[in-house]
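Reviewing the structure listed below.
The values are calculated or read from the model by the stated rules, or taken from the named source; none is laboratory data. Owing to the predicted nature of the structure, the values given are computational and were not obtained by experimental measurement. Cβ placement follows ideal geometry from the backbone for every residue including glycine, while neighbour counts extend to all protein chains displayed.
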Amino acid sequence: MVAAISEQFDLLLPLIEGLRDAAQRERFLAGLVARTQARRGVMIMRLANAGASDARTVLQIAAPRAADDPPIDIDRLRALGLPASAALRPDRVYATEEMLNFDDGDALAQQRAALTAMGIRHARWMRVAMDQVGEVTILLTRQREDFTASAVVTLSGLAPYLRAALRSFAAASEERLQRAMAQRALARLGIGQIALDETARVMAADEVAERQLTFIATPDGRPGRRLQLPPAAADRLERACAVIAAGGEDAPAHLVIAINDRLTLMLLPAQFETSAGMPCPVAVATLRVAAREDERSGAAVLRDQFGLSPREAALAEKLSRGEMIVEAGQQLHLTAETARNYSKRIYARTGTRGRADLVRLILSGLAPLA
């Protein structure tokens, strides 16, 4: 068993590294083409939750002797009437003869002719699938001699490893999507966050924090970074993280640390759990900078959300930015009387009791995320 795994190490390592990395996918398929002495290799991945625009990821690799061959036309191959990928039994390796239509002589002749024209005289297909996760289909082709039995064993033996890699790829893709959505929303609001351990070492930082703060290497050579802060602020941050980690009664519920006239950090205990075996921060430092949505985009959201006219929505958006009714109306070429009338309709449609209440409603609603 150890020898068998050692022999396939060049194939298994890219799967362990992860199918989410395009370079590792290429490395895996290139190794499989070389190990099976295939002329060309194709890998098609589909995730179960993929949208129509990115329904499949197709990778093709050619052996050095086939470097000048044109790539396999996947759409043309699908149009030949071969069994669809979903019809292939998972983990089973199919030969070319098993994919052809022997019930229709004319169709069989057309399939053989088309495959020959595409440089596919001998081929092996294998599909690996997981319900609610996705599937990977491998196609290996040769032009002269058929594949050896050892080549087929090599391909079929990869099925469980491909399945595990597919599961990891799908999980990583979902986590990346969730992180992108969360960070995008926070960035629209000007919010940045930094995860810290018990020594105030930075474990992770989002894009807003990276732009607004300065990070330096840890002086003790440990992995990670530290925040470059004024000495007094750095000392307060380190002591607070240590106290929070200790979990005593004197642990602060929150701590506000002024960095300069422009930036202030709010430190909170990290009240969330990570997966087993993953390091968990003891605290999260949050900053916020002034950030507002594009004025036209915000007005469009208010218009659609509350049924305002375009002018009313534009006026409401300006009021949410601290402008007075008459001055905001002048910017929209409205008379003072018209602006006041518009404001009354805005209050009525939004259910607010005045300008302050309107500002509260808008800033806590969807418009800032537009």
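Quick notes
- Close Cβ contacts (under 8 Å, 6 or more residues apart or on different chains) running from residues in the stretch 99-111 that are without any contact (Cβ under 8 Å) to a residue 12 or more places away in the chain and surrounded by 14 or more Cβ atoms within 10 Å (Cβ to Cβ) to residues that are of a type in the set (G, A, S) and outside any helix (DSSP H, G or I) are absent.
- Residues being out of contact with any helix residue (DSSP H, G or I) (no Cβ under 8 Å at 6 or more places or on another chain), surrounded by 13 or more Cβ atoms within 10 Å (Cβ to Cβ) and in a loop (DSSP other than H, G, I, E, B) - total across the stretch 322-370: 0
- Checking every residue in the stretch 252-266 against the condition of being in contact with a Ser or Thr (Cβ under 8 Å, 6 or more places away or on another chain) and within 19 Å of Q183 (Cα to Cα) gives at least one match.
- Filtered by the rule that a residue be of a type in the set (G, A, S) and without any contact (Cβ under 8 Å) to a residue 60 or more places away in the chain, the stretch 202-239 gives A205, A217, G221, G224, A232, A233, A234.
- Top-ranked residue in the stretch 129-155 [being crowded, with 16+ Cβ neighbours inside 10 Å and among the charged types (D, E, K, R); ranked as nearest to T116 (Cα to Cα)]: R142
- Test: A117 is loosely packed, with under 14 Cβ neighbours inside 10 Å, at pLDDT 95 or above and of a type outside the set (S, T, N, Q): no
- Evaluating A242 against the criteria (1) hydrophobic (A, V, I, L, M, F, W, C); (2) surrounded by fewer than 18 Cβ atoms within 10 Å (Cβ to Cβ); (3) touching a residue at least 40 places away in the same chain (Cβ under 8 Å); (4) within 30 Å of R188 (Cβ to Cβ) leaves one unmet condition, (4).
- Residues satisfying the stated conditions in the stretch 75-105, i.e. over 35 Å from the mean Cα position of the chain (by Cα) and among the acidic types (D, E): E97, E98, D103, D104
- Each residue in the stretch 188-231 was checked for being basic (K, R) and either loosely packed, with under 13 Cβ neighbours inside 10 Å or in a helix (DSSP H, G or I) (or both), and 3 of them qualify.
- Scoring M118 on the criteria (1) closer than 21 Å to L59 by Cα; (2) not assigned by TED's automatic domain parsing to the domain that holds E98 leaves a single failure, condition (2).
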